[in-house]
1. Treating only the Cβ atoms of Lys and Arg (+1) and Asp and Glu (-1) as charged, compute the dipole magnitude of the range 49-129 about its Cα centre; round to the nearest 20 debye.
2. Report the local net charge at GLN70: Lys and Arg +1, Asp and Glu -1, summed over other residues whose C-beta lies under 12 Å from its C-beta.
3. Using the charge dipole of the range 49-129 (Lys, Arg: +1 at Cβ; Asp, Glu: -1 at Cβ; taken about the Cα centre), state which of ILE107, THR96, VAL127 has its Cα farthest towards the positive end.
4. In the P(r) worked out for the range 312-387, what percent of Cα pairs fall beyond 15 Å?
5. For the residues VAL61, VAL28, what sequence is obtained by ranking on other C-beta atoms within 10 Å, fewest first?
6. Lys and Arg at +1, Asp and Glu at -1: add these up for the other residues within a Cβ distance under 13 Å of ALA209 and post the number.
7. State whether the range 49-129 is rounded, prolate or oblate according to the following rule on the C-alpha gyration tensor (a ≥ b ≥ c being the square roots of its eigenvalues): a/c under 1.5 gives rounded; otherwise a/b larger than b/c gives prolate, and the remaining case gives oblate.
8. Sort 308-317, 349-358 for me by packing, meaning the mean count of neighbouring Cβ atoms within 10 Å per residue, highest on top.
Amino acid sequence: MRRPKLFERGSRLALRIYLIGLVQFLVVAIGLEMNRRAGAPRIPPPIGPDVHYVADTLARVAEDPPLLAQELDRVRSIFHWAVTVRDDTGEVLGQTRPEELPSGKVIVRGSLPVTFADGRGGTVDYVVPLRGPRPRAGPGFVVPIALILLVVGVASILTSRALTKPLARLTQVARDFGAGKLDARAHMKRSDELGEMARTFDDMADRIAALLLAEKELLANVSHELRTPLARIRVALDLANEADPRDAVESLGDIAEDLGELERLVDDVLAAARLALDDGPSSRTSLPIRREHLELGELIEKAMTKFRGAHPNRTLRVQIEADLPPVLGDAILLRRVVDNLLDNAHKYTEDASQPIAIVVRRESDGVTIEVQDRGVGVAEEDVKRVFEPFFRADRSRTRSTGGLGLGLALSRRVVEAHGGTIAFESKLGAGTIARVHLPSAAT
């Protein structure tokens, strides 16, 4: 079972939340310790210079009861201590008069060993009230609770800001994009999950914007491509209507040519619709193919005959190896691929004196068809996009390079449906090589 993403390795957002919780715990623990120490009484050392001085004084006069009583009274009146002097047997030799110790004081009790003048040992017991009021008890649970609430509140604010600010940014960008602002992007430079979400949104927005732009270009291209042959057909009909029958018959050829162009245009539009509908998991196999054993040499010869008839002024150099292996495929679809590659080579080679070459050679696992030209070529940044539907390297709508930008996209679908590959090599100003590889019927 797949672990939730929150616990996956490298979850930076989870790490951030964990660190915030750890800081909360440390702050609360420090506060509780400070509160505990504040509630504990601070008692200075009970034995100090005054206590030792009093004990030594009383030990020197302990053998003289009147003098001992006088010293005890002086200790009581000056220090307000309760003192008892005992011999080594525990007998009381003298003590201060009992009195109530002052309230609100910290009481320190103790006993010091002393030596009397005659050499006997004894003890001086004392009860000393320290100066200052008794420390109050700690604040109990009030301070810890207040500290916890404060830390949790501050951490909640920081966490909410860390989360809500980028989410608010994403929400606003999504609203702007939905409202038609196609250049709206998040552009978040974060390395956590929110940053990944923002980058995913930006990628999606780029793709949608590209599709919408392609749709607009398609409409513009279709409008332009339809307008020109329709205008020529209208002119031809007007001339036929006004001219003699022989001129009318000659204009029928022009009308037929323009109708053929319109038919190819409609076929491209329908193919584009099929591409859009088949753009799913089964798109590579949804193209209907009537498979049969084909001799590519014959197919290439037919394509050459059509090309030379349409472009008699263009030199076409052909090199076809003998004994080509048969290919299992659809003759109409593969012929369309070859026709499209030859047509592209002609359209993008403006100099009519430059030849176009087609090379067909045998490979170990099939047949390779290459169409080479010395035309204008394609820029490096556009080479990777030539197989995208509606993309045209020459974005002008001249008659020489007109079209909808569907030829190579359809060619790739046809070749891949036959289990083959198509590649495109080009250099701006140096020409282009289109290469198709088809597996033989035996492979």
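All of the numbers you see were taken from the coordinates with simple rules; none came from a lab. These numbers come from a predicted model, not from an experiment. Here the Cβ positions follow ideal geometry from the backbone for every residue, glycine too, while neighbour counts run over all protein chains shown.
1. Numbers: 8 positive and 13 negative charges, 59 e Å.
In debye, rounded to 20, the range 49-129 gives about 280.
2. Values: positive: ARG74, ARG76; negative: ASP64, GLU71, ASP73.
Counting the neighbours of GLN70, the net charge comes to -1.
3. Going by the Cα projections, it comes out as ILE107.
4. Tail of P(r) above 15 Å: 64 percent of Cα pairs.
5. Details: VAL61 20, VAL28 16.
Taking fewest neighbouring Cβ atoms as first place, the list is VAL28, VAL61.
6. Values: positive: LYS181, ARG185, ARG207, LYS216; negative: ASP176, ASP183, ASP202, ASP203, ASP206, GLU215, GLU217.
So the surrounding residues net to -3.
7. Because a/c hits 1.5 or more and a/b exceeds b/c, the range 49-129 counts as prolate.
8. On the way: 308-317: 12.1, 349-358: 14.9.
Ranked by mean Cβ neighbours within 10 Å, highest first: 349-358, 308-317.
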